[in-house]
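Here is the structure we will look at.
The values are calculated or read from the model by the stated rules, or taken from the named source; none is laboratory data. Just so it is clear, the structure is predicted and the values come from calculations on it, not from any experiment. No Cβ is skipped: glycine too gets one built from the backbone with ideal geometry, and neighbour counts run over all protein chains shown. The protein model used for the area step is the full one, side chains on, heavy atoms only, and it has no ligands, DNA or RNA in it. Shrake-Rupley method; radii C 1.70, N 1.55, O 1.52, S 1.80 Å.
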Amino acid sequence: MSGDSDEAAPDMPPEFVTAFEPAHGMLVPLAEGVARITVNNPSPFTFHGTNTYIVGDRSVCVIDPGPDDEAHFQALKSALAGREVTHIAVSHTHRDHSPLAARLKAETGAIIVAEGPHRPSRLLHEGEANPFAESADADFRPDIALAHGEAFEGDGWRMTALHTPGHTANHCAFALDDRGIVFSADHVMAWATSIVAPPDGAMADYMASLDMLLERRDRIYFPGHGGPVTDPPAFLRGLRTHRRMRERAVLERIRLGDRLIPDMVKVIYASTDPRLHGAAALSVLAHLEELVEKGLVATDGPARLLGAYRIA
């Protein structure tokens, strides 16, 4: 994408699409050689459930096999009957995406590919706890750690790994080569923004990953939750605008006298489901980490969830 066309784009947040029929446990065709099975694990964080994708015909790749859920495992076995599973691609190591990979590998002998094991975007500060530690699949280890731009292939398909850190440090999207299709996992979703929660996630990484994807001009994204993103360039610009608006909102709350993250969340996320306010606080922290790094906001010591903030 050229700089001129990007700057000419309207400065508007994305239009989220929440209409989605999960068809839990059923194989749903999406495109030639691409189908989806959605796990029945709905929650405020997973929407209607985690999407597992099957790519290929006789020789297939399974993308994000999901949580260790017996009903989903049986649905996958049924959908894969008579087909060779050569690869299991894992986008990141949250427990709604990666744990079933080991069991599926034992069943099929497939190779597990991913960016790498789980790790935080930064080290914990002294006295800091990781609020999402239990959601991480710390036992996950891929057979092959994919570099950014590295490809793997099967019969009739070829995919390229796209490192997209931000939601997690090891987040990876997968592009189906020559099809304009990207499996965007939790980095870009049509129904909501991705959670960026330090220390696992980092806002600067997330924004850089959006910019990287904007340069590609793909035609459709199949995400980890919910339905497809049908106009990726416009949606990516919208997500970027949304995050910049949140950053401006955080700065405005500090200018108006808010010093603590909970006070900022009450105003900025007033219309958000209260069950998500804990995640919203972490998102504000992610923005504050970047603002402190830019020298726009000051705090005593490193940026922390319980820290006090002021305009620098």
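Do we find that His242 is under 30 Å from Phe183 (Cα atoms), touching a residue at least 12 places away in the same chain (Cβ under 8 Å), open to solvent by 20 Å² or more (accessible area, probe 1.4 Å) and touching a Ser or Thr at 6+ places or on another chain (Cβ under 7 Å) in this structure?
Against the criterion (under 30 Å from Phe183 (Cα atoms), touching a residue at least 12 places away in the same chain (Cβ under 8 Å), open to solvent by 20 Å² or more (accessible area, probe 1.4 Å) and touching a Ser or Thr at 6+ places or on another chain (Cβ under 7 Å)), His242 qualifies.
With respect to His125, determine if the residue is open to solvent by 10 Å² or more (accessible area, probe 1.4 Å), in contact (Cβ under 8 Å) with a residue 24 or more places away in the chain and over 30 Å from Gly278 (Cβ atoms).
So His125 fails the test.
Would you pick out the residues in the stretch 99-130 that are closer than 21 Å to His72 by Cβ and among the charged types (D, E, K, R)?
Hits for the stretch 99-130 are Arg103, Lys105, Glu107.
For residues that are open to solvent by less than 50 Å² (accessible area, probe 1.4 Å) and assigned to a helix (DSSP H, G or I), scanning just the stretch 254-277, find the one that is nearest to His167 (Cα to Cα).
That would be Leu276.
If we keep just the residues of the stretch 143-189 that are among the polar types (S, T, N, Q) and in contact (Cβ under 8 Å) with a residue 40 or more places away in the chain, which is surrounded by the most Cβ atoms within 10 Å (Cβ to Cβ)?
Result: Thr168.
Test Ile220 against the stated conditions and say whether it is open to solvent by less than 10 Å² (accessible area, probe 1.4 Å), hydrophobic (A, V, I, L, M, F, W, C), modelled with pLDDT of 95 or more and touching an Asp or Glu at 6+ places or on another chain (Cβ under 9 Å).
No: the conditions fail for Ile220.
With the structure loaded, tell me whether Ala249 is without any contact (Cβ under 8 Å) to a residue 24 or more places away in the chain and either in a loop (DSSP other than H, G, I, E, B) or closer than 28 Å to Leu305 by Cβ (or both) or whether it fails that test.
Working: without any contact (Cβ under 8 Å) to a residue 24 or more places away in the chain: yes; either in a loop (DSSP other than H, G, I, E, B) or closer than 28 Å to Leu305 by Cβ (or both): yes.
Judged against the criteria, Ala249 is a match.
What number of residues within the stretch 173-195 satisfy the criterion of being modelled with pLDDT under 95 and more than 21 Å from Glu21 (Cα to Cα)?
Adding up the residues that qualify gives 2.
Restricting the stretch 89-122 to residues that are out of contact with any Pro (no Cβ under 9 Å at 6 or more places or on another chain) and of a type in the set (S, T, N, Q), which is surrounded by the most Cβ atoms within 10 Å (Cβ to Cβ)?
Per the criteria, the residue is Ser91.
For the stretch 128-142, what are the residues that are open to solvent by 80 Å² or more (accessible area, probe 1.4 Å) and acidic (Asp, Glu)?
Taking the stretch 128-142 first, the residues open to solvent by 80 Å² or more (accessible area, probe 1.4 Å) are 134, 139, 141.
Matches in the stretch 128-142: Glu134, Asp139.
Give me the residue from the stretch 280-296 that is farther than 14 Å from Arg246 by Cα and under 27 Å from the mean Cα position of the chain (by Cα) and, out of that set, least open to solvent (accessible area, probe 1.4 Å).
Looking at residues that are farther than 14 Å from Arg246 by Cα and under 27 Å from the mean Cα position of the chain (by Cα), I get Val292.
Scan the stretch 213-231 residue by residue and report those that are touching a Leu at 6+ places or on another chain (Cβ under 7 Å) and either farther than 22 Å from Val17 by Cα or in a helix (DSSP H, G or I) (or both).
Leu213, Leu214
Does Leu80 qualify as being of a type in the set (A, V, I, L, M), closer than 30 Å to Arg304 by Cβ and touching a residue at least 12 places away in the same chain (Cβ under 8 Å)?
Working: of a type in the set (A, V, I, L, M): yes; closer than 30 Å to Arg304 by Cβ: no; touching a residue at least 12 places away in the same chain (Cβ under 8 Å): yes.
No; evaluated as a whole, the condition is false for this residue.
Quick one: Ala35 ticks every box in (1) open to solvent by 10 Å² or more (accessible area, probe 1.4 Å); (2) part of a strand (DSSP E or B); (3) out of contact with any Pro (no Cβ under 7 Å at 6 or more places or on another chain) bar one, so which box is it?
(3)
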